[in-house]
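What follows is one structure encoded as structure tokens, with my remarks underneath.
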Amino acid sequence: MHWHHCHDIPCEHKKSVIYLVLLSDSVHNFIGGMAIGGAFLVDIRLGIITWLVSAAHEIPQEMGEFGILLHGGWNKSKALFINFLTALTIIPGGILVYFFSKGFNLTFLLAFATGNFIYIAASDLIPDIKIEDTLKKSLLHFFSFSLGILIILILKIAFKE
């Protein structure tokens, strides 16, 4: 994130960016909780896999958000505490899905969550891969992508009923 010319002086737009980041992360975690809760209701194994994938995704995201809060002028303890509170919005998302699971088809929720992950990969990650100019980096990305597909295939075979 680029803060323009606010290196040594406090900028008012830092405050608004911080609160927008916190709000968007809360919504993001709430929806993630819905996806994890829905996955657990469909199948416990799917729920565990979804939870692990979400945890792997959330760790670097929360670290980045912590850095944004620190750069915005917050002290470490306040940034850590508020970041923790936004992460807790995952719980009401899961609870909401549990209580309303009888009223709607959970497969639509899981398709929505899957679409979000595909969108993130397509819009954020793939353009970065395309600008790599070395063959070594391009091959690393290709093999990493292929390994991910192989892991999905192995999990599908391993958890086949």
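Within the range 109-125, residues that are farther than 17 Å from PHE142 by Cα reach no partner that is modelled with pLDDT under 70 with beta carbons closer than 7 Å at six or more positions or on different chains. Tallying residues that are surrounded by fewer than 17 Cβ atoms within 10 Å (Cβ to Cβ) and either among the polar types (S, T, N, Q) or over 16 Å from the mean Cα position of the chain (by Cα) (or both) within the range 27-40 yields 0.
Residues that are within 12 Å of the chain's Cα centre (by Cα) and buried (at least 17 other Cβ atoms within 10 Å of the Cβ): does the range 66-85 have at least one? No, the range 66-85 contains no residue that is within 12 Å of the chain's Cα centre (by Cα) and buried (at least 17 other Cβ atoms within 10 Å of the Cβ). The range 60-151 holds helices (runs of 4 or more DSSP H) entirely within its bounds, and those carrying 2 or more residues that are modelled with pLDDT under 75 map to 106-120, 126-130. For beta carbons closer than 6 Å, sequence separation of 6+ or different chains, a first residue in the range 44-73 that is within 23 Å of PHE112 (Cβ to Cβ) and a second that is surrounded by fewer than 17 Cβ atoms within 10 Å (Cβ to Cβ), the qualifying pairs are ARG45/PHE159.
Of all residues assigned to the range 24-39, none qualifies as being closer than 30 Å to LYS156 by Cβ and outside any helix (DSSP H, G or I).
The values are calculated or read from the model by the stated rules, or taken from the named source; none is laboratory data. The structure presented is a predicted model; accordingly, all values stated were derived computationally and were not measured. Positions of Cβ are generated from backbone atoms using ideal geometry, with glycine treated the same way; all protein chains shown enter the neighbour counts.
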